[in-house]
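Here's the structure, in C-alpha cells; my notes come after.
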Amino acid sequence: MPIKIGMVSLGCSKNLVDSERMLYKFRKRGYELVTEPGLSDIAVVNTCGFIQSAKEEAIETILELVKLKEEGTIKKIVVTGCLSERYQQEMADEFPEIDAVVGIGDQKDIIDILDHVLANERVVHFDDKINLPVTGERIISTLPFFAYLKIAEGCNNCCTYCAIPKIRGPYRSVPMEEVLKEAKWLAENGVTEIIVIAQDTTRYGEDLYGKSKLPELLEKLCGIDGLKWIRVLYCYPERITDELLEVIANQEKIVKYMDIPIQHCNGEILKRMNRRGDRQFLTELMKRIRNKVPDIVIRTTLITGFPGETQEQFEELAEFVKDMRFDRLGCFAYSQEEGTAAANFDGQLDEEIKTHRADIIMEQQQLISEEKNSERMDGIFEAVVEGFDKWAECYFGRTAGDAPDIDGKIFFTSDEKLEIGQYVTVKITDTLDYDLIGEVISNESSK
C-alpha cells in the first residue's frame, strides 16, 4: 500500500503555491495524496507565522495532529513554513512529537526529509531561506479554473511592523521567461483566471532588470491563449505608475481590480511604519487610479492601534475611509511582533483600544459596502461559477470585482445546469452587506 500524505497549508496564497510544489514532489515520488490529514500516514503542515492569530492557528493545528499521532491515527508529522522558519529551535524543543521541523529553504529537499523521517530519524534543519524554490511543477489545489501565479519571493520593504523580510528573505523576482512558462502551463491545464501575487508585485523585476517589469509582464500574460481573467494583488501605492495603470485600463483580460495595502493615511504613522505618503498623496493616488481606470474596484487593508496612534490620528483614518469609499477593505488591529522594530516602539496601545478602533472602521466599511451594492441593483455582471448551494438552491461564484477567499460572493439562479468554471452573465435582483443576488440571463460565456 502506498504511504498516504496529507497537507495542511496555512496562511497566504504565496504559502499555498509553496505547498502545491511540495504536493507535486510527493505524488511524483509515489506517495498517495489525501485531502484529510487525519486519514494520512504523514501529515505535512506548511505554517504561517506572520501575526499572532496566524501563529495561534498553526500551533492549534499542530496540537490536533499531535493528538492524532498519540492515538495512532497518523504516524509522522512534518512542519515547515514561516512559523518554523521564524521560531526554529523553539519549535523543535516545544514539540518533540514533531518528526521533522524544517525551514522554508528545506522545501527543495522535502522528499529526502521524508526518507529520514520514515527511517525513524528526527530531522531539525534550516537551510538558507533563499533556497526556497521559486519555480517548479505543482499540483493545483484551488478550484480548477483559477490559480495563483507567484512572481517573486521575499521582501525588501522592511515595514517596521512586519517580520516577513526576516522570515522570507530579500526580494527575489522570478525570471520573466519562467513566469510566462508557468502561466502557459496553467492555461493549458484549464486555468482561465490567474492571480498575480508577491509580497510586492509592483517591485517585480527591479532586482533582475533594474526597473519594475510588472507592466511588461502583464502585457505578455495577456497574450497567452486560454486565459480570461488576470488579477493583480499587493500593489504598493508609491510604485503604482501611469504605465501600469494604462496596461490595466487597456488590456481586456486584466480585470479592473487593484489590491493596494495602504495600512494608514496619517503621514506621521506611515513614516513610523517605514512607509511613504500621507493622506494627500493617497487621496490624489486614488483619484488618479479612478480617472485612468473607470469603474475599477479598489481593495485595501488598514492597521489600527499602531504604537503611538493618537485618537486624532485614528479619527483622520476614519474620515479618510469615509471620503475614499473603498470598494473592498480589511482592517486589522496592530499585532506586536517580536523581532520587528515596531515591537520596541514607545506608545504601545491596549488590545481593547486597537480592536475597538478596527471594529469602528469595519462598521463604517459595512455601510459603504451596502451602499455600493445597492447601486448595483439591476446591473449586469459577468460571473464565474464556483459551486452550487444545495440549501439555498442556487449557484454561487464571483464577479471580476471579487478575489477568491477575501471578497464577496454572487449568488444566482439558472434555468439550465451550470458547470464549475463556467462564465455567465448575471442580472442583479437583490443585495446583501457584501454579497450580490441575481439570475443568469446568459450562459454562453466561455468556460
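The values are calculated or read from the model by the stated rules, or taken from the named source; none is laboratory data. Just so we're clear, the structure is a prediction, and the values are computed from it rather than from any experiment. Cβ: placed from backbone, ideal geometry, glycine included. Neighbour counts: every protein chain shown. Just the protein is used for accessible areas: all its heavy atoms, side chains included, with ligands, DNA and RNA removed. Shrake-Rupley method; radii C 1.70, N 1.55, O 1.52, S 1.80 Å.
Would you mind telling me which numbered condition in (1) under 28 Å from Ile269 (Cα atoms); (2) touching a Ser or Thr at 6+ places or on another chain (Cβ under 7 Å) Asp200 fails?
Condition (2) is where Asp200 drops out.
In this structure, is Lys292 at pLDDT 95 or above, open to solvent by 10 Å² or more (accessible area, probe 1.4 Å), touching a helix residue (DSSP H, G or I) at 6+ places or on another chain (Cβ under 6 Å) and not aliphatic (A, V, I, L, M)?
Yes; evaluated as a whole, the condition is true for this residue.
Within the bounds of region 189-201, is there any residue that is open to solvent by 10 Å² or more (accessible area, probe 1.4 Å) and either under 23 Å from Gly277 (Cβ atoms) or assigned to a strand (DSSP E or B) (or both)?
Looking for residues that are open to solvent by 10 Å² or more (accessible area, probe 1.4 Å) and either under 23 Å from Gly277 (Cβ atoms) or assigned to a strand (DSSP E or B) (or both), one finds at least one in region 189-201, hence yes.
Pairs needed: first member in region 5-33, over 26 Å from Gly169 (Cα atoms); second member anywhere, aliphatic (A, V, I, L, M) and in a helix (DSSP H, G or I); C-beta distance under 7 Å; at least 6 residues apart or different chains.
Matching pairs, first to second residue: Gly6/Leu39; Arg29/Ile111; Leu33/Leu23.
Based on this model, can you work out whether Ile240 counts as under 17 Å from the mean Cα position of the chain (by Cα) and within 21 Å of Arg328 (Cβ to Cβ)?
Answer is no for this residue.
Can you work out which of the residues in region 357-415 that are open to solvent by 70 Å² or more (accessible area, probe 1.4 Å) and under 26 Å from the mean Cα position of the chain (by Cα) is farthest from Arg325 (Cα to Cα)?
Top of the filtered list is Phe388.
Considering only residues of region 257-286 that are in contact (Cβ under 8 Å) with a residue 60 or more places away in the chain and open to solvent by less than 60 Å² (accessible area, probe 1.4 Å), which is farthest from Tyr334 (Cα to Cα)?
Tyr257
Using beta carbons and a limit of 6 Å, which pairs, at least six apart or on different chains, have the first residue in region 287-305 and farther than 29 Å from Tyr334 by Cβ and the second one open to solvent by 20 Å² or more (accessible area, probe 1.4 Å) and modelled with pLDDT of 95 or more?
Cβ pairs passing all conditions: Lys292/Ala249; Val293/Ala249; Val293/Lys256; Asp295/Lys256.
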